[in-house]
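K.L.:
What follows is a single structure, and I will ask about it in a moment.
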Amino acid sequence: MRYDTPIYFQLIRQGVYDPKTGDYADGDPVETKVYANVTDISAERMKILYGDVKRSSKVIRLQQHYTKTYNRIRIGDKQYGVDDERKLRTKHVLIVSEV
């Protein structure tokens, strides 16, 4: 199993208040790069997890636990949200779907 795909854990911080518009400005995400094994999820597993076949779902396997706080994951140009995660003895498995 190769851990050769760069993924980016994103932490989105709240932006600064802009008194002119009365809104908060968009905060820039802080990204942490990690190499992982990324594969598509099987149709059988999708039916168990979601009850239906859902496109753009992936399985991410990490060699070590990722313990920092994050909001979403970026792989290439696509953003993913975590649907399920398992922490094994030394490895970390995430099941994600595109948001």
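K.L.:
Kirkwood Rh over alpha-carbon pairs of segment 1-50, then Stokes-Einstein at 10 °C and 1.306 mPa s: what D in µm² s⁻¹, rounded to an integer? Don't skip to the end; give the middle numbers.
P.N.:
On the way: Rh = 14.4 Å.
Using the Kirkwood radius from Cα pairs, D works out to 110 µm²/s.
K.L.:
Of the listed values (i) 10.5; (ii) 6.9; (iii) 7.8, identify the label whose number matches mean projected area of the Cα convex hull in nm² calculated from this model.
P.N.:
(iii)
K.L.:
Using a 1.4 Å probe, what is the accessible area per residue for the chain, in Å²? Mind showing how you got there, number by number?
P.N.:
Values: 7080 Å² over 99 residues.
I get 71 Å² per residue for the chain.
K.L.:
Evaluate segment 25-67: find the radius of gyration of its Cα atoms, find its Kirkwood radius, and give the ratio Rg to Rh. Show your work: numbers first, answer last.
P.N.:
Working: Rg = 14.5 Å, Rh = 12.9 Å.
My calculation puts Rg/Rh at 1.12.
K.L.:
Would you mind calculating the gained length between Thr5 and Thr21 on full extension (0.36 nm times residue separation, minus the Cα-Cα distance), in nm to one decimal?
P.N.:
1.7 nm
K.L.:
OK, next. Please list Asp77, Asp52, Asp18 in order of solvent-accessible area, largest first, computed with a 1.4 Å probe with all protein chains present. Before the final figure, lay out each step's value.
P.N.:
Numbers: Asp77 150, Asp52 100, Asp18 55 Å².
In descending accessible area the options line up as Asp77, Asp52, Asp18.
K.L.:
Quantify, in whole percent, the carbon and sulfur part of the accessible surface of the chain (1.4 Å probe; protein heavy atoms only). Let's see the in-between values first.
P.N.:
On the way: 3210 of 7080 Å².
The value for the chain is 45 percent carbon and sulfur by accessible area.
K.L.:
What residue among Ile60, Phe9, Val30 has its Cα farthest toward the positive end of the dipole of segment 1-89, where the charges are +1 on Lys, Arg and -1 on Asp, Glu, each on the Cβ?
P.N.:
Final value for the positive-end residue is Ile60.
K.L.:
Any chance you could run the full-extension gain for Arg13 through Ser42? It's 0.36 nm times the residue separation minus the Cα-Cα distance, nm to one decimal.
P.N.:
Numbers: separation 29, 0.36 × 29 = 10.44 nm, distance 3.37 nm.
Extending this stretch completely gives an extra 7.1 nm.
K.L.:
Sticking with this structure for a sec: Greater than 25 Å separation of Cα atoms is the criterion. Which listed pairs, Lys33/Lys78; Lys20/Lys78; Lys33/Lys87, meet it?
P.N.:
Working: Lys33/Lys78 15 Å; Lys20/Lys78 33 Å; Lys33/Lys87 19 Å.
Long pairs (Cα-Cα over 25 Å): Lys20/Lys78.
K.L.:
Report the relative contact order of the chain, percent, no decimals, based on alpha-carbon pairs under 8 angstrom and at least 6 residues apart.
P.N.:
Numbers: 193 pairs, mean separation 26.8, N = 99.
Normalised by residue count, the contact order of the chain is 27 percent.
K.L.:
What lysines does Lys47 reach when the alpha-carbon gap must be under 18 Å and sequence neighbours fewer than 8 apart in one chain are set aside?
P.N.:
Filter leaves Lys58.
The values are calculated or read from the model by the stated rules, or taken from the named source; none is laboratory data. Keep in mind that this is a model prediction, so the values were computed, not measured. When we count neighbours, we look across all protein chains shown, and the Cβ atoms used for this are built from the backbone with ideal geometry, even at glycine. Quick note on the areas: whole protein, heavy atoms, side chains included, nothing else; ligands and nucleic acids left out. Shrake-Rupley method; radii C 1.70, N 1.55, O 1.52, S 1.80 Å.
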